[in-house]
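Trainee: First the structure, then my questions, so here it is.
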Amino acid sequence: MSVIIANIIDFVAAMVQVGSGAIKKKNKILVVQIIQLLMQAVSMLLLGGVTGAVSNVLSCFRNYLCYKEKLNLVWKIVLIAASIAMTIALNDQGFLGIIPAAVCTVYIIFMDIKDPVKFKLLVTLSFVPWMFYHFILKSYTGAIFDAATVVTNSITLVGMIKEKKKVDKKAFGGYDEHCS
């Protein structure tokens with residue numbers, strides 16, 4: 001029964017997650033991710049994914065700090081250390097249990113990127129390992145929607161790159177600086 005409840009919660013979280021793929025502004029992405037991560041933490045706890053749940057709660061705090069522009073090097077180190085410590089203390093899933101801490105660490109290191117295209121790329125790539133984590137944990141809803149999120153983020157990313165090229169081209173008076 002808990003598997004069904006967890007997958008229902010994960011389904012709602014996944015809908016929020018996929019919808020966030022169309023968002024271009026970093027602060028809006030961060031807020032939507034906080035909501036989605038809290039729901040997924042509950043789902044993972046119900047499925048026995050303690051390291052994933054802990055990682056998601058830490059990610060909520062991380063996103064809040066980044067949203068408030070308070071995520072500095074000290075907080076990054078604290079969050080990475082907490083993620084690794086919790087993984088060591090709680091991991092009973094072997095290699096699978098390491099995935100959340102690894103993704104969390106990479107995301108924390110690079111999430112203060114100012115370029116919206118690079119940030120969107122970071123968000124997109126961070127869902128790939130979560131897709132495998134969810135699938136192996138039997139959170140099939142989560143895995144399917146992680147894949148859908150990669151697709152929606154990729155589509156938005158391509159649009160952002162095209163938009164940026166148009167802006168760059170206009171800045172050079174219609175002259176493409178890459179074609180000289």
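Every number here is computed from the coordinates shown, using simple stated rules; none is lab data. These numbers come from a predicted model, not from an experiment. Glycine also receives a Cβ, built like all others from the backbone with ideal geometry; neighbour counts cover every protein chain displayed.
Trainee: Going through L30, L45 one at a time, which residue ends up being within 19 Å of T124 (Cα to Cα) and part of a helix (DSSP H, G or I)?
Mentor: Values: L45 fails: within 19 Å of T124 (Cα to Cα).
Selected residue: L30, the only one of L30, L45 that is within 19 Å of T124 (Cα to Cα) and part of a helix (DSSP H, G or I).
Trainee: Go through the stretch 27-62 and give me each residue that's surrounded by fewer than 20 Cβ atoms within 10 Å (Cβ to Cβ), under 23 Å from L157 (Cβ atoms) and in contact with a Cys (Cβ under 8 Å, 6 or more places away or on another chain).
Mentor: Hit for the stretch 27-62 is I34, nothing else.
Trainee: Next up: Taking the stated definitions as given, is T141 among the β-branched types (V, I, T) and more than 26 Å from G94 (Cα to Cα)?
Mentor: Values: among the β-branched types (V, I, T): yes; more than 26 Å from G94 (Cα to Cα): no.
No.
Trainee: Further, regarding this structure: Restricting attention to the stretch 51-76, and to residues there that are small (G, A, S) and under 12 Å from the mean Cα position of the chain (by Cα), which single residue is farthest from I98 (Cα to Cα)? Steps first, please.
Mentor: Going residue by residue through the stretch 51-76, those that are small (G, A, S) are 52-53, 55, 59.
If we keep only those that are under 12 Å from the mean Cα position of the chain (by Cα) too, we end up with 55, 59.
On the way: S55: 10, S59: 15 Å.
Going through the qualifying residues, I end up with S59.
Trainee: A further question follows. Count, please, the residues in the stretch 83-97 that happen to be buried (at least 18 other Cβ atoms within 10 Å of the Cβ) and aliphatic (A, V, I, L, M).
Mentor: 1
Trainee: Could you check how many residues of the stretch 9-24 are β-branched (V, I, T) and either in contact (Cβ under 8 Å) with a residue 60 or more places away in the chain or in contact with a strand residue (DSSP E or B) (Cβ under 7 Å, 6 or more places away or on another chain) (or both)?
Mentor: Looking only at the stretch 9-24, we keep the residues that are β-branched (V, I, T), and these are 9, 12, 16, 18, 23.
Of the ones still in play, those that are also either in contact (Cβ under 8 Å) with a residue 60 or more places away in the chain or in contact with a strand residue (DSSP E or B) (Cβ under 7 Å, 6 or more places away or on another chain) (or both) are 18, 23.
Summing the residues that are β-branched (V, I, T) and either in contact (Cβ under 8 Å) with a residue 60 or more places away in the chain or in contact with a strand residue (DSSP E or B) (Cβ under 7 Å, 6 or more places away or on another chain) (or both) in the stretch 9-24 gives 2.
Trainee: What are the residues in the stretch 90-109 that are over 22 Å from D10 (Cα atoms) and touching a Ser or Thr at 6+ places or on another chain (Cβ under 9 Å), if any?
Mentor: Listed by number, the residues that qualify are T105, V106, I108.
Trainee: Within the stretch 48-70, can you find the residues that are in a helix (DSSP H, G or I) and over 20 Å from V106 (Cβ atoms)?
Mentor: V50
Trainee: Sticking with this structure for a sec: Across the stretch 123-144, what is the total count of residues that are out of contact with any His (no Cβ under 7 Å at 6 or more places or on another chain) and either closer than 15 Å to V3 by Cα or small (G, A, S) (or both)?
Mentor: Quick first cut of the stretch 123-144, residues out of contact with any His (no Cβ under 7 Å at 6 or more places or on another chain) only: 123-141, 144.
If we keep only those that are either closer than 15 Å to V3 by Cα or small (G, A, S) (or both) too, we end up with 126, 134-141.
Selection size over the stretch 123-144: 9.
Trainee: Being more than 14 Å from the chain's Cα centre (by Cα), under 15 Å from N63 (Cα atoms), without any contact (Cβ under 8 Å) to a residue 24 or more places away in the chain and assigned to a helix (DSSP H, G or I) is the requirement here; does I88 meet it? Break it down into steps so the answer makes sense when it comes.
Mentor: Values: more than 14 Å from the chain's Cα centre (by Cα): yes; under 15 Å from N63 (Cα atoms): no; without any contact (Cβ under 8 Å) to a residue 24 or more places away in the chain: yes; assigned to a helix (DSSP H, G or I): yes.
It is false that I88 is more than 14 Å from the chain's Cα centre (by Cα), under 15 Å from N63 (Cα atoms), without any contact (Cβ under 8 Å) to a residue 24 or more places away in the chain and assigned to a helix (DSSP H, G or I).
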